[in-house]
Amino acid sequence: MSRSCKAALLASAIGAILGWTAPVLADGFANVGRPATPAEIKAWDIDVGPDFAGLPKGSGTVSRGMEIWEEKCASCHGTFGESNSVFNPLVGGTTADDIKTGHVAALKRTDFPARTTFMKVATVSTLYDYIRRAMPWNAPKSLSDDDVYAVLAYLLNLAEIVPDDYTLTDATIRDVQGRMPNRNGMTSAHALWPNSNPAGPDFPGSVAKPDTGNAACMTDCKPKAELASQLPDHARGAHGNIAAQNRIIGPVRGQRTGPDAAAADAPSPALALAEQSGCLSCHAVDTRVVGPSYSEIAARYRGKDSAEALVSKVKAGGDGVWGAVPMPPQTELSVDDAKTLVAWILSGAPQK
Amino acid sequence: MTKLRPTGEATPRTDPLVPGADTLSGRLRRAPENFLTADDIRQVGQGRRDFLRASFLAAAGATAAATLSGRAAAASPAGAGGDPDILNPTPWGSSLGLPVAANPYGLPSKHERGLVRRQSPGLTQVPAASVSFAPLQGLFGIITPSGLHFERHHQGWQDIDPTRHRLMVNGARPEFVKTPKVYTMDDIMRLPPVSRMHFIECGANTGMEWGNVAVPTVQYTHGMLSCSEFTGVPLRTLLEDCGADLKAAKFVLAEGGDGSSMTRTIPIELVLSGEVMVAYGQNGEMLRPENGYPLRLVVPGVQGVSWVKWLRRIEVGDRPYATKDEAVHYIDLMPDGQHRQYTSIQECKSVITSPSGGQTLLDKGYFTISGLAWSGRGAVKRVDVSVDGGINWTQATLQTPVLSKCLTRFTLPWNWDGRPALLQSRATDETGFVQPAYGQLRAVRGTRSIYHNNAIQTWQVAESGDVNNVQIL
């Protein structure tokens with residue numbers, strides 16, 4: 001038995017005699033977290049479900065909604081919810097017949113140009129919930145519950161689901177659900193939701209068997225390989241210069257597909273010269289490494305006619321000005337290069 | 001603090017990131033096709049083969065000098081006695097390097113600055129509700145460096161003060177949770193932690209390619225994919241701590257604390273299994289703010305939108321919530337005009353990342369085909385690779401570890417003989433599901449789904465060595 005084991009045993013024996021509580025595995029997490037207060041839950045629990053659980057009481061008219069819309073929503077969504085300039089259109093693509101059937105017919109058309117929010121959304125609760133929690137985009141949660149009803153009333157009016165004089169309330173919103181153009185347009189008959197819950201499937205119609213798949217064929221799987229699609233020419237350079245998006249070593253390089261964006265990014269030639277000449281082993285722009293920082297040097301000599309003196313100092317070396325560590329003479333450096341470096345340092349040692 | 005670039009190299013002579021350098025520095029001579037105009041090609045198409053031959057000779061003459069000036073050529077000891085980088089002192093071998101902690105939080109080499117997150121131009125209209133893609137073409141292994149993890153924000157990202165962040169657990173009705181509770185980060189980080197590696201993939205990853213090839217590189221076709229080691233607490237632990245009725249509970253709502261307060265319905269099955277966790281750690285450090293600092297949900301195998309960032313609330317309920325991101329977006333349009341709702345699982349998928357679209361092979365000869373495979377239903381069982389567009393397949397090697405709902409790296413040695421090739425990978429997961437081809441996927445789901453495109457990706461290798469994005473049904 002190890003000494004520490006003996007010590008532990010001894011300690012626990014003494015603990016037992018003296019009535020200490022030996023540390024044991026907890027069966028709960030004492031003092032971790034605290035009960036939420038009713039006010040806290042009320043402040044954060046703002047979700048509204050498809051069955052309207054959580055829907056606050058309130059009301060708003062189409063005309064009030066239009067006022068709020070023009071002030072807070074139209075800049076992104078367009079006056080009539082049609083905007084395609086900042087965000088996708090909210091309204092359009094639905095018909096009176098869709099309101100009857102609950103299926104947006106245009107969704108079957110492959111040539112239909114876009115899908116608006118009202119072509120997709122099946123549940124009006126989604127719109128109330130989302131506007132209340134996230135809109136306006138730059139000031140989320142700033143609308144009152146009544147304002148949210150009003151904005152939603154205006155949107156429903158734009159979508160021709162409710163008339164101009166409509167008042168949307170926590171009661172009438174249930175009628176609106178029955179007029180949502182795509183209310184029957186959703187299906188959960190797929191295998192993309194976990195379905196091995198022993199309590200049974202979570203959604204009606206959901207299945208365990210995937211709808212797609214493949215055979216693990218290994219040889220002569222098909223007579224030939226035909227290309228169905230290739231990158232369109234206009235897309236080739238649409239993502240900038242791919243050469244600059246790949247590594248400069250390794251088995252491959254990126255293809256050059258555009259102008260070299262790195263040009264503007266190229267380091268200053270004087271910085272490269274400082275690197276080559278070994279200056280940066282002892283100096284940095286604004287921190288003291290071994291010698292003074294370039295910003296300290298620039299500050300000390302700024303406005304003084306000292307460039308020539310500094311060139312001599314760089315060439316010949318020196319000590320005492322910045323402390324005890326001497327700067328060695330830079331005999332390999334040409335006078336011209338020294339001038340370039342001094343001018344660069346006095347100008348603030350820019351990186352580019 | 002302004003930082004100088006680290007020492008070590010003078011201005012590189014053939015750095016493609018420096019203007020004027022020769023980017024396509026391989027030893028391969030460019031194929032003559034690359035020097036033909038559209039008009040030239042038409043003439044060739046009309047039978048003027050002699051024109052092609054003449055063009056090839058001219059092109060070969062004109063470019064011989066250029067192709068030899070590349071880096072790969074420079075490394076060959078053709079000059080006076082050998083490689084100048086061996087014969088002459090290097091700047092980094094003959095000078096003092098930088099001191100410790102010059103970068104208190106370390107940075108990648110300046111030579112790696114091309115490998116960054118990038119946006120796809122025109123994909124979204126505002127950068128605060130957009131996507132940045134991870135540079136899969138340059139990543140190794142299975143872990144995504146945290147700074148390169150893809151981003152998807154719905155209302156911008158926030159850097160939340162962690163001392164003021166709270167997580168609330170409550171019930172849709174009082175009977176679902178005995179004691180609704182509030183946890184601080186102190187509380188959550190006191191609880192027993194687990195660390196697990198999982199992939200996260202946006203449901204719309206590869207979404208631009210449903211109908212046809214649209215983007216040039218794997219960064220844009222597949223870059224809404226990342227993989228990290230996450231550290232946190234199983235959500236089940238918190239629910240039990242609050243006395244949640246896990247028999248009555250059928251769904252859980254997760255809600256973010258940012259401006260969008262994004263909400264998603266989470267499958268209870270994955271909560272009960274212990275897989276869903278509230279995570280604060282990512283790759284050994286705290287989450288990055290863009291990835292939900294200080295707390296996010298991790299829902300292994302499920303699309304990224306469910307991994308709610310800046311997580312502030314969990315609600316236990318008995319019916320799905322039809323939130324904006326499961327009723328307006330993240331719904332999959334089928335050919336019959338119906339939208340699939342609550343599609344969540346990311347089915348088995350794979351992609352070759354090297355060589356991949358937009359790249360050029362340096363030379364004929366040996367290459368390692370390397371890529372990533374993953375499945376939202378468990379572990380990857382095998383990956384097959386084809387170099388002839390799916391006629392014949394060879395089983396690839398899976399690098400360890402091979403973990404459930406985690407990226408798996410596969411490799412296959414390949415000698416490229418210089419002839420055109422069509423590279424594909426096909427993954428099979430532990431359920432036996434085999435990744436479909438585009439034809440098989442479209443036959444069921446059409447081309448307008450946007451979400452959950454897990455089709456087999458094809459990269460076409462041309463004689464020039466150029467690798468391009470193509471599709472095979």
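Readers should treat all values here as calculations from the given coordinates under stated rules, not as data from a laboratory. Here the structure is a predicted model, which means the values were calculated and not measured. Cβ sites come from the backbone with ideal geometry, for glycine too, and all protein chains shown count toward neighbours.
So the values come out like this:
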| read-out | value |
| --- | --- |
| Inter-chain shielding of B:269-277 (mean C-beta neighbours from other protein chains, 10 Å cut-off) | 2 |
| Neighbouring partner chain Cβ atoms per residue of B:114-125, average, 10 Å criterion | 3 |
| Cross-link reach list, lysines versus A:K339, counting only Cα pairs under 28 Å and skipping chain neighbours closer than eight places | A:K304, A:K313, A:K315, A:K352, B:K3, B:K110 |
| Which listed pairs, of A:K120/A:K224; B:K181/B:K349; A:K108/B:K250; A:K120/B:K381; B:K247/B:K349; A:K42/A:K72, have C-alpha distances above 28 Å, in listed order | A:K120/A:K224; B:K181/B:K349; A:K108/B:K250; A:K120/B:K381; B:K247/B:K349 |
| B:R190 versus A:Q230: modelled label distance in nm, points set 7 Å from Cα along the beta carbon direction | 6.5 |
| Within 10 Å of each Cβ in A:292-299, the average number of Cβ atoms from other chains | 1 |
| Förster-model FRET efficiency, 51 Å R0, A:K304 and B:T90, C-beta, rounded to 0.05 | 0.85 |
| Leading residue at positive end of dipole, the protein assembly as shown (Cβ point charges), from B:G203, A:I249, A:V91 | A:I249 |
| Estimated FRET transfer efficiency (A:K315, A:V207; beta-carbon r; R0 56 Å; 0.05) | 0.10 |
| Extended-chain gain in nm, criterion 0.36 nm per residue less alpha-carbon gap, A:S144 and A:A171 | 8.0 nm |
| Sparsely packed trypsin sites (Lys or Arg not before Pro) within the range B:153-234, loop by DSSP, other Cβ within 10 Å at most 14 | B:K178 |
| For peptides A:310-321, B:239-250, sequence by mean Cβ density within 10 Å, most packed first | B:239-250, A:310-321 |
| Packing rank of A:237-244, B:123-130, A:119-126, where each peptide gets the mean count of other beta carbons within 10 Å, highest leading | A:119-126, A:237-244, B:123-130 |
